[in-house]
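Asks: Below: one structure in structure tokens.
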Protein chains: 2
Amino acid sequence: MKCRKCSETAIINMRQHKLALCQEHFLEWMPEQTQRFIEKYKMFDHADKILVAVSGGKDSLSLWDILRRLGYQADGLYIGLGIEGGIGYSDESRRLSEHFAAEHGLKLNVVEVESTYGATIPELAVISNRGHGKPCSVCGLSKRYIMNRAAHDGDYTVLATGHNLDDEAAVLMQNTLNWAGSYLVRQAPVLEASRPGLARKVKPLCRFYEREMAAYAIVRGIEYIYDECPHAVGSTTIYYKEVLNQMEEKRPGAKLQFYLSFLQAKEQGLFALKAADAELHPCEKCGQPTSAPGECSFCRMWDKVREVKGARLPAEAGLVQIES
Amino acid sequence: MKCRKCSETAIINMRQHKLALCQEHFLEWMPEQTQRFIEKYKMFDHADKILVAVSGGKDSLSLWDILRRLGYQADGLYIGLGIEGGIGYSDESRRLSEHFAAEHGLKLNVVEVESTYGATIPELAVISNRGHGKPCSVCGLSKRYIMNRAAHDGDYTVLATGHNLDDEAAVLMQNTLNWAGSYLVRQAPVLEASRPGLARKVKPLCRFYEREMAAYAIVRGIEYIYDECPHAVGSTTIYYKEVLNQMEEKRPGAKLQFYLSFLQAKEQGLFALKAADAELHPCEKCGQPTSAPGECSFCRMWDKVREVKGARLPAEAGLVQIES
């Protein structure tokens, strides 16, 4: 197959766009498209100070790479979750994130959950007794908290995550199968900072397929961690990705159409509910915005850990430590 | 496996309800549940004069059987579509519908499309050039028109169709994957007769799985046509049924949950759009309500046939002929 732009041999064929591209033109096309999405969804501009959440995976490192190539001011945030899973998952993720930052002379903020708060995510999941034996719920809660806080404390104007279209479509499928209205109205490429202390969140890759992101990382020579998080194995998100890929196989463009027609229907006023936040107030302990009465769920979770582990918690528990 | 109610051997295990039943209790349970749905969705009562659309398949004949067993006044409507498909599909469907009516002393109205209007559905599809070579779109339009008109002309207060949960969930999936708002807000167990001349439409079986309907028909000894319509092979609806059955396999109750949470979300006001009908007016030719300017799409379709086939059309074209 030939490249649409120059007739060289194509390295990727994107059936949903009826577009095949060679290496050179694919590497041009990705940032061009990203820039288009950034403008279309009014994500940020060159005056913004962007914090990119990096996990060491293909999506977030490629996002950082693309933003850098587009000339945006983008620092990284790596959150050490203490996940081992027999493959040294977190250590390797950190190493690759640091490697990328050093290679490109970028600033990476690091928050290690264990040294900052006193336990790894898997330990926290056991102690807090949330999430039915899987650490995913505790992990999600912790990452949201830390990302938000790091963006706020570091005076970043926007927090960017590497969610791709497969991620977004899978979550949309999950929320649609249960018709979870409050989640449906909130899912968008941009989540506005509707309250002081809440970071503005954006997903510049939300229209790229997972395979495009993998192709980009590989062709750009970005070293990333190939493994999924060991705890994600068998997750519903992965299952819905498979279901959507099956539909995509049968009808190219099906998963993009699913996501884009959702965004369009929402913009055209399909839903009566708005993505209005619940009444938020500052957490009594950490001051971050929360809808829970008194302390936020993150602080309450660590209160419980403190009861169990007692004096073994570090003194600075509750404070985010950012190393540059 | 034992029957939940009497410990006899179960003939069916409904995993979504965690309910296994023996033949006797399953045959009791089906009308009980149907009665529950009729009341829950305020479909009709014993004073209503019901027209059941029967196709000769398991769903519609079982629906007629159940309504009869529940003591409702329910006549049948068989629409002869002239589908051959190498298996005499329409002839066999009519024979089985007549057989059921005769066996139970019920009244069956019959409308043969060819003798009433002058062409079979497959001919009509070719001549009218709608639906990209498949007769399904023309067939749907014609059936909706004829059902509505037969209900109106026969003074029926409600039109009942045999759509089961698999049908409803597949249509919902299709409309959701495209976020077709106007279809989503209209999908419901009851479609009110919002304009004079429009029949009130109900789907009393909308919460039964297809396999329950097949089990009911078989156990009741109802003779029905096993084949799908030959034109339905490879349809998107059948594809989405397969996708949903796969999800059901992995998570029993998934397709019921998908449909019921949709109805619930809608009732709780998820959608801003209402199922308000477009502005309707009487068709200039047949007087049935239509949103199209001038003549309704059904009459316009036959105008085209008349142009092509000319004098070969019967004189009464445009009038529904009901034989008892």
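Asks: For residues in the stretch B:152-166 being open to solvent by 50 Å² or more (accessible area, probe 1.4 Å) and in a loop (DSSP other than H, G, I, E, B), which is nearest to the other protein chains (Cβ to nearest Cβ)? Outline the logic, then answer.
Replies: Here is the first cut: in the stretch B:152-166, the residues open to solvent by 50 Å² or more (accessible area, probe 1.4 Å) are B:152-153, B:155, B:157, B:163.
After this cut, where a residue has to be in a loop (DSSP other than H, G, I, E, B) as well, the list is B:155, B:157, B:163.
Numbers: B:ASP155: 38, B:THR157: 31, B:HIS163: 19 Å.
By that ranking, first place goes to B:HIS163.
Asks: Out of the stretch B:228-244, which residues are open to solvent by 60 Å² or more (accessible area, probe 1.4 Å) and either within 12 Å of chain A (Cβ to nearest Cβ) or in contact with a Lys or Arg (Cβ under 6 Å, 6 or more places away or on another chain) (or both)? Explain how you work it out, then say what you get.
Replies: At the first step, the residues of the stretch B:228-244 found to be open to solvent by 60 Å² or more (accessible area, probe 1.4 Å) are B:228, B:233-234, B:236, B:242.
Residues satisfying the conditions are B:GLY234, B:THR236, B:GLU242.
Asks: For the stretch A:237-254, enumerate the residues that are farther than 15 Å from A:ASN175 by Cα, in a helix (DSSP H, G or I) and among the charged types (D, E, K, R).
Replies: Result: A:GLU242, A:GLU248, A:GLU249, A:LYS250.
Asks: Right, next: Inside the stretch B:269-289, can you point out the residues that are within 7 Å of chain A (Cβ to nearest Cβ) and either open to solvent by 60 Å² or more (accessible area, probe 1.4 Å) or of a type in the set (Asp, Glu) (or both)?
Replies: Within the stretch B:269-289, just B:LEU273 meets the criteria.
Asks: Please state which one of B:PRO293, B:PRO204 is within 30 Å of B:GLY118 (Cβ to Cβ), in a loop (DSSP other than H, G, I, E, B) and in contact with a strand residue (DSSP E or B) (Cβ under 9 Å, 6 or more places away or on another chain).
Replies: Residue meeting the stated conditions: B:PRO293.
Asks: Give the stretch A:167-182 a look and list any residue that's open to solvent by less than 20 Å² (accessible area, probe 1.4 Å) and in a loop (DSSP other than H, G, I, E, B), or say none.
Replies: So the first thing to find is which residues in the stretch A:167-182 are open to solvent by less than 20 Å² (accessible area, probe 1.4 Å), and the list is A:168-170, A:172-173, A:176-177, A:179, A:181.
Of everything in the stretch A:167-182, just one residue is open to solvent by less than 20 Å² (accessible area, probe 1.4 Å) and in a loop (DSSP other than H, G, I, E, B), namely A:TRP179.
Asks: Taking the stretch A:255-268 as the region of interest, how many residues are facing chain B (nearest Cβ under 10 Å), in a helix (DSSP H, G or I) and either hydroxyl-bearing (Ser, Thr, Tyr) or open to solvent by 70 Å² or more (accessible area, probe 1.4 Å) (or both)?
Replies: Within the stretch A:255-268, residues that are facing chain B (nearest Cβ under 10 Å), in a helix (DSSP H, G or I) and either hydroxyl-bearing (Ser, Thr, Tyr) or open to solvent by 70 Å² or more (accessible area, probe 1.4 Å) (or both) number 4.
Asks: Looking at (1) surrounded by 14 or more Cβ atoms within 10 Å (Cβ to Cβ); (2) in contact with a helix residue (DSSP H, G or I) (Cβ under 8 Å, 6 or more places away or on another chain); (3) within 14 Å of chain A (Cβ to nearest Cβ); (4) of a type in the set (D, E, K, R), find the lone condition where B:ARG251 falls short.
Replies: It is condition (2) that B:ARG251 fails.
Asks: Looking at the structure I just gave you, is A:GLU212 among the acidic types (Asp, Glu) and surrounded by fewer than 22 Cβ atoms within 10 Å (Cβ to Cβ)?
Replies: Here the answer is no, as A:GLU212 does not meet what is asked.
Asks: Mind checking which pairs have a first residue in the stretch B:210-234 that is in contact (Cβ under 8 Å) with a residue 40 or more places away in the chain and a second that is part of a helix (DSSP H, G or I) and open to solvent by 40 Å² or more (accessible area, probe 1.4 Å), Cβ under 8 Å, 6 or more apart or different chains?
Replies: Sorted first by the residue in the stretch B:210-234, then by its partner, the pairs are B:VAL219/B:GLN23; B:GLU223/B:HIS99; B:ILE225/B:GLU92; B:HIS231/B:CYS136; B:ALA232/B:CYS136; B:ALA232/B:ILE238.
Asks: Just one of the numbered conditions (1) within 14 Å of chain B (Cβ to nearest Cβ); (2) in contact with a Leu (Cβ under 7 Å, 6 or more places away or on another chain); (3) buried (at least 19 other Cβ atoms within 10 Å of the Cβ) is not true of A:VAL185; which one?
Replies: (3)
Asks: Here's something else I'd like to know. Does B:ARG149 fit the bill of being away from chain A (no Cβ under 14 Å), open to solvent by 40 Å² or more (accessible area, probe 1.4 Å) and of a type in the set (Lys, Arg)? Write out each step before concluding.
Replies: Details: away from chain A (no Cβ under 14 Å): yes; open to solvent by 40 Å² or more (accessible area, probe 1.4 Å): no; of a type in the set (Lys, Arg): yes.
Criteria not met by B:ARG149.
Asks: While we're looking at this one, here's another question. Take B:ARG251 and tell me if it is under 19 Å from the mean Cα position of the chain (by Cα) and more than 26 Å from B:GLY82 (Cα to Cα).
Replies: Details: under 19 Å from the mean Cα position of the chain (by Cα): no; more than 26 Å from B:GLY82 (Cα to Cα): yes.
Against the criterion (under 19 Å from the mean Cα position of the chain (by Cα) and more than 26 Å from B:GLY82 (Cα to Cα)), B:ARG251 does not qualify.
Asks: Does A:ARG130 satisfy being basic (Lys, Arg), in a loop (DSSP other than H, G, I, E, B) and either open to solvent by less than 50 Å² (accessible area, probe 1.4 Å) or at pLDDT below 95 (or both)?
Replies: yes
Asks: Identify the single condition in (1) touching a helix residue (DSSP H, G or I) at 6+ places or on another chain (Cβ under 8 Å); (2) within 30 Å of B:GLY85 (Cα to Cα) that B:LEU177 does not satisfy, given that it satisfies every other one.
Replies: Only one criterion is unmet by B:LEU177, namely (2).
The values are calculated or read from the model by the stated rules, or taken from the named source; none is laboratory data. Note that this is a predicted model, so its numbers are computed, not measured. Don't worry about glycine lacking a Cβ; one is built from the backbone with ideal geometry, like all the others, and counts go over all protein chains shown. Just the protein is used for accessible areas: all its heavy atoms, side chains included, with ligands, DNA and RNA removed. Shrake-Rupley method; radii C 1.70, N 1.55, O 1.52, S 1.80 Å.
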